[in-house]
Amino acid sequence: MNVSANPDPDPDTAPAPAMTPAPADHTRLAAVLAGVLFVPGAAGTGLLTLASEGASRCLTYGEQCAPGLPWWLFGWSAGLGGGALLLALAGPAVRIRQAALAVQVLAECFALLVILSHA
């Protein structure tokens, strides 16, 4: 008989089960990256819009000016994106930060769509 083997180990002295580390949460980094890239994205979209024939003719001669989406939609969507950026940075839970990041990216894309609608 094996004397050293203990069939019923004491739960207080038993080794703890191996805990797997939680996956890294990169929502804050992605939110900052999306916020920083919005400014050159808006500038590039504005240049792309001005390069179109309709927008350049409207700017130069005042002819064929398409109404496009109202500019207040750009302001609201950019403001919503900024608020979502703050929530993505300061949100207490991972799911809240992920939802805020999704709202931020969608709001920024809508703001770029408003710029493109004037082409």
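Only the coordinates and a few stated rules stand behind these numbers; no lab work does. This one's a predicted model, so the numbers in the text were calculated from it and none came from an experiment. Positions of Cβ are generated from backbone atoms using ideal geometry, with glycine treated the same way; all protein chains shown enter the neighbour counts.
Take the Cα of Ala90, step 7 Å toward its Cβ, do the same at Val36, and the gap between the two points is 2.1 nm.
Distance between the pseudo-spin-label points of Gln98 and Thr60 (7 Å out from Cα toward the beta carbon): 5.1 nm.
The equivalent ellipsoid that matches the C-alpha gyration tensor of segment 34-119 spans semi-axes of 32, 11, 8 angstrom, in descending order. Here the 3J(HN,Hα) profile of segment 83-97, calculated from phi with Karplus coefficients 6.51, -1.76 and 1.60 at θ = phi - 60°, is x, 5, 4, 4, 5, 5, 7, 10, x, x, 10, 4, 5, 5, 5 Hz, Gly and Pro shown as x.
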